[in-house]
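Everything below concerns the one structure shown next.
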Amino acid sequence: MTPRRGANRGRYKGMKSGPQRLGPGLAASKNAEAMNLVVRERFREALRVLNDAIYSAPDYPHSYANRALVFERLGMLPQAEADRNRARQLAEAGGYDEGEVFATSGLLSRPAPPRRISRREARPQKSRPRVRGIPEVIIVAVALAGMAATGFGLFMAANAISGADINLNVFDFETFQASEPEATAVETAAAPTAEPTPPPATPPPEALAGNPFSFSNLESAWKGKGITATPSNLNTGFSGFKATPFDVKLTRGADSASLSVIIYPGRDAPKEDWNLSAGSRPSPQAGRALPAHETIWWNTNVIIVVRSSGAVGNEAREAFFALGG
C-alpha cells in the first residue's frame with residue numbers, strides 16, 4: 001500500500017526519538033529511589049518512578065516486583081498480582097535469581113564485596129567457654145527485683161487513687177491506645193458512615209507497551225506541548241478488538257480532552273482490527289464496536305479514538321502525528 005504524495009507530510013515534520021532505554025544499573029537506581037519513597041509511605045510518587053523505570057527498561061524484572069509491592073500498599077491487588085507474574089517471567093527469561101528479584105530491601109543499598117580472609121584468621125580457634133561470675137548474677141537479680149517492686153508500687157498507687165479496676169497486663173498494646181470518647185445517641189445518628197475511596201484504576205503494563213511507539217513516547221510528545229497525559233481505567237465501550245483500549249485525559253490549564261488509546265505490539269498489528277489507508281480516516285473492521293466519538297487518529301502502531309477535544313486536543317494531534325516510526 002503506497003501512501004499518496006504529501007498525505008502525511010506534517011506527520012514526520014519535527015520527528016523526535018523516544019526516551020533512550022536504561023541499562024540494568026540505572027534501572028536499579030530508579031528502583032532504589034522508588035523504594036526510599038515507599039519507606040516514607042509516598043506510594044504515588046514511588047509508582048511514578050517505577051513506571052518511568054519500566055517504560056525505559058521493560059525487561060528489568062525488579063521494576064515489576066517492586067511495583068507489585070506499591071500496588072499492594074495502594075490496595076490494587078489485581079495489578080499487583082499481574083506485576084508479580086511479569087517479574088517471574090522476565091527473571092526466568094533473563095537468567096535472574098527469583099529470590100533476589102523479590103528481595104526489595106536489596107535495592108536500597110548494594111552489598112559490600114566479600115572480605116579476603118588471611119591464613120591466620122582461617123585457622124581454627126579454640127573456643128573458651130564464658131563463665132558468668134557470681135557478682136554479675138547478683139547484680140541482675142537485684143535489678144529485676146527492683147523493677148518488679150517499682151511496677152507493683154505504681155500499680156498500688158494508681159489503684160488507691162482511682163479505685164478502678166486496672167488491667168495487670170501492662171505490656172498489652174491495647175491498654176496504651178488513646179481511647180476515643182463515646183458518642184452520644186444524637187451524635188451517632190447524625191454522623192455519616194465514611195466509606196474508603198478506592199484508588200484509581202491503572203492500565204496493565206502490556207496495554208501501555210508497543211513497538212515502535214509506547215505510551216511513554218506519546219506522553220513525552222505531549223509533554224513537549226505543555227500537555228499532561230493521565231491514563232486511567234480500561235474502556236469498556238469497545239468490543240471485538242485484539243488490543244486493550246484504555247482512557248487518557250489530557251489537560252493544560254483549564255482546557256482538557258478525553259481520548260481512548262489502543263497501542264499494538266507491531267506496525268502491522270492494527271490492520272487486524274482496522275481498515276487503514278494513507279490519507280483516510282481509520283474505520284473498524286467488521287465485528288468491532290466503538291463508543292461515541294468525534295474522530296480517530298492513526299500513527300504506525302497506535303490508534304487514538306477522540307471522544308472530546310478542544311484547543312488542547314488540536315495541539316495533541318499535531319504532536320502525535322509528529323512522531324516518526
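So how many residues does region 30-85 have that are open to solvent by 40 Å² or more (accessible area, probe 1.4 Å), within 20 Å of residue 216 (Cα to Cα) and of a type in the set (Val, Ile, Thr)?
Of the residues in that region, 0 qualify.
The rows are residues; the columns are (1) open to solvent by 40 Å² or more (accessible area, probe 1.4 Å); (2) of a type in the set (Asp, Glu); (3) in contact (Cβ under 8 Å) with a residue 24 or more places away in the chain.
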{"position": "271", "(1), (2), (3)": "yes, no, no"}
{"position": "277", "(1), (2), (3)": "yes, no, yes"}
{"position": "288", "(1), (2), (3)": "yes, no, yes"}
{"position": "294", "(1), (2), (3)": "yes, yes, no"}
{"position": "312", "(1), (2), (3)": "no, no, yes"}
{"position": "323", "(1), (2), (3)": "no, no, yes"}
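Only residues that are outside any helix (DSSP H, G or I) and in contact (Cβ under 8 Å) with a residue 12 or more places away in the chain: list them for region 22-40, please.
Hits for region 22-40 are 22, 23.
For residues that are over 23 Å from residue 315 (Cβ atoms) and of a type in the set (Ser, Thr, Tyr), scanning just region 224-261, find the one that is surrounded by the fewest Cβ atoms within 10 Å (Cβ to Cβ).
Going through the qualifying residues, I end up with 236.
Those residues that are open to solvent by 20 Å² or more (accessible area, probe 1.4 Å) and within 20 Å of residue 254 (Cβ to Cβ), I need them from region 296-310; list them, please.
Selection gives 307, 308, 309, 310.
Could you count how many residues in region 298-325 are in a strand (DSSP E or B) and in contact with a helix residue (DSSP H, G or I) (Cβ under 9 Å, 6 or more places away or on another chain)?
Summing the residues that are in a strand (DSSP E or B) and in contact with a helix residue (DSSP H, G or I) (Cβ under 9 Å, 6 or more places away or on another chain) in region 298-325 gives 6.
The values are calculated or read from the model by the stated rules, or taken from the named source; none is laboratory data. Bear in mind that the values here come from a model prediction, so they are computed numbers and not experimental data. For neighbour counting, all protein chains shown are included, and Cβ atoms are generated from backbone atoms with ideal geometry for every residue, glycine included. Calculation scope for accessible area: heavy atoms of the full protein, side chains included, ligands and nucleic acids excluded. Shrake-Rupley method; radii C 1.70, N 1.55, O 1.52, S 1.80 Å.
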